[in-house]
Amino acid sequence: SPLAEASIVGAAIGMALTGLKPCVEIQFGDYIWPAFMQFRDEMSMFRYRSNNLFEVPVVTRVAVGGYIHGGLYHSQNIEGFFAHIPGLLIAYPSNAADAKGLLKTALRINDPVMFLEHKGLYRHSYATSPEPDADYLVPFGKAKVVKEGNDLTIISWGALVHESNFAIKKLEDDGYSVELIDIRTIAPLDVETIYKSVKKTGKAIVVHEDTLTGGFGAEIAALVTENCFESLDGPVKRIGALDTPIPFHPVLENTVLPTRDRVYKEVKKLLDF
């Protein structure tokens, strides 16, 4: 189809309303904004507006994320914007096995799903993972404990799961035990797994690639503060990108986006709090 985002999403909505199951793609998250009205005012609202008479089971695959030296129109993260839309489910896998399992689940859900794929992870071998079996499904709203620990909980998704894991390996050399949670889906969010972990470790830090201001990490930090306050042994912290467009030059991109070294330093500060 042509690069006409509003037309792609609008046509998918019409197809879904006639009983089809469209799965469409937006080339980059940075290009999705002409279709934002279709997501907010049409796709996500039909079930509510029709008193459950109509459903719009559209799956929209969107390539997102940086670390590819793509510049300000090829490296944006968009989950913070779309998480504010009731009725829209959002998946953001960090590895190949979860991506397949979540996509198969998305195609079986009768509600609109935004399926975010980090294009930087397409290129890294550490995002590969064995397929459990040909028929497996990954449920929405079920986080994964990537690594168990006792001193602090890192909550993350997408590419930053791996950057956090690299930082954890260095922290283990320092004698710390850090738990890592991959939330896998933004909406619905598995708060039970997050709360259980934080109540065990007593410290929490949310690590994400989107800008810090207005990023989805702020929602998780607020939930942890409200629901785990009596178990906390330090402030709930966030690590995110600087509040600026993503630059093309690798040195500048490395300054703007979170890195494993920055995660290590910030987590170490919270561990020593």
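Each peptide in 181-190, 251-260, 72-81 receives the mean, over its residues, of other Cβ atoms within 10 Å, and ordering these scores from highest gives 181-190, 72-81, 251-260.
Charged neighbours of Glu131, selected by a Cβ distance under 14 Å, balance to -1 (K, R count +1; D, E count -1).
Beta-bridge orientation, region 129-203: approximately 40 percent antiparallel, per DSSP, counting only bridges with both partners inside. In this structure, the amide hydrogen of Glu117, modeled 1.01 Å from its nitrogen in the peptide plane, lies closer than 5 angstrom to those of Val62, Ala63, Val64, counting only residues at least 5 positions away or on a different chain. Note on Lys169: aspartates and glutamates with a C-alpha under 15 Å away, same-chain residues under 8 apart excluded, are Glu148, Asp151, Glu179, Asp261, Glu266.
Local charge for Gln27 was computed over the other residues whose Cβ lies under 15 Å away, with Lys and Arg +1 and Asp and Glu -1, and equals -2.
From helices alone, the chain scores -9500 deg cm²/dmol at 222 nm; the rule is -39500 (n - 2.57) for each run of n ≥ 4 DSSP H residues, then divide by the residue total. Applying the Karplus relation 6.51 cos²θ - 1.76 cosθ + 1.60 with θ = phi - 60° to region 266-273 yields 3J(HN,Hα) values of 6, 5, 4, 4, 5, 4, 8, 4 Hz, where x marks Gly and Pro. Count Lys and Arg as plus one, Asp and Glu as minus one, and take only other residues whose Cβ is under 9 Å from that of Ile205; the net charge is then +2. Amide H to amide H, with H built 1.01 Å from N, Val178 comes under 5 Å of Asn150, Asp151, counting only residues 5 or more places away or on other chains.
The overall shape of region 157-273 is oblate: from the C-alpha gyration tensor, with semi-axes ordered a ≥ b ≥ c, the ratio a/c is 1.5 or greater and a/b is no larger than b/c. A 1.4 Å probe over all protein chains sorts Leu180, Leu20, Leu223 by accessible area into Leu20, Leu223, Leu180, starting with the largest.
Couplings 3J(HN,Hα) for region 91-104, derived from phi with the Karplus relation 6.51 cos²θ - 1.76 cosθ + 1.60 (θ = phi - 60°), are 10, 8, x, 10, 8, 5, 5, 5, 4, 5, x, 6, 5, 5 Hz, where x marks Gly and Pro.
Amide H contacts of Ala241 (H built 1.01 Å from N, in plane; Pro and chain starts excluded): Asp210, Thr211, Leu212 sit under 5 Å, all sequence-distant by 5 or more or on other chains. In percent, rounded to a whole number, the relative contact order of the chain is 17, using alpha-carbon pairs under 8 Å and six or more apart. A probe of 1.4 angstrom, applied to the heavy atoms of all protein chains, finds Phe166 with accessible area near 60 square angstrom. Based on Cα contacts under 8 Å between residues 6+ apart, region 201-249 shows a relative contact order of 53 percent.
Quick one: how many Å² of Leu3 are accessible to a 1.4 Å probe, rounded to 10? Only protein atoms counted, so the area is about 120 Å².
Computed with a 1.4 Å probe over protein heavy atoms only, the accessible area of Arg40 comes to about 90 Å². Considering only Cα atoms, the convex hull volume of the chain works out to 132 Å³ per residue.
Starting from the residue with the highest accessible area, list Phe140, Phe39 in decreasing order, probe 1.4 Å.
Phe140, Phe39
When region 43-177 is described by a simple charge dipole with +1 on each Lys and Arg Cβ and -1 on each Asp and Glu Cβ, the residue from Ile109, Pro139, Gly120 located farthest towards its positive end is Ile109. The dipole here belongs to region 164-229: it is taken about the Cα centre, uses +1 on the Cβ of Lys and Arg and -1 on the Cβ of Asp and Glu, and is about 200 debye.
When only the Cβ of Lys, Arg, Asp and Glu is charged (+1, +1, -1, -1), the dipole of region 206-273 relative to its Cα centre reaches about 280 debye. Think of each Lys and Arg Cβ as +1 and each Asp and Glu Cβ as -1; about the Cα centre, that makes the dipole of the chain roughly 180 debye.
For the set Tyr264, Tyr48, Tyr67, the ranking by accessible area, highest first and with no ligand, DNA or RNA atoms included, is Tyr48, Tyr67, Tyr264 under a 1.4 Å probe. Measuring between their Cα centroids, region 176-240 and region 27-57 lie 28 Å from each other.
The values are calculated or read from the model by the stated rules, or taken from the named source; none is laboratory data. Note that this is a predicted model, so its numbers are computed, not measured. Note that we place each Cβ from the backbone using ideal geometry, even for glycine, and neighbour counts take in every protein chain shown. Accessible surface is based on the protein model in full, side chains and every heavy atom, while ligands, DNA and RNA are left aside. Shrake-Rupley method; radii C 1.70, N 1.55, O 1.52, S 1.80 Å.
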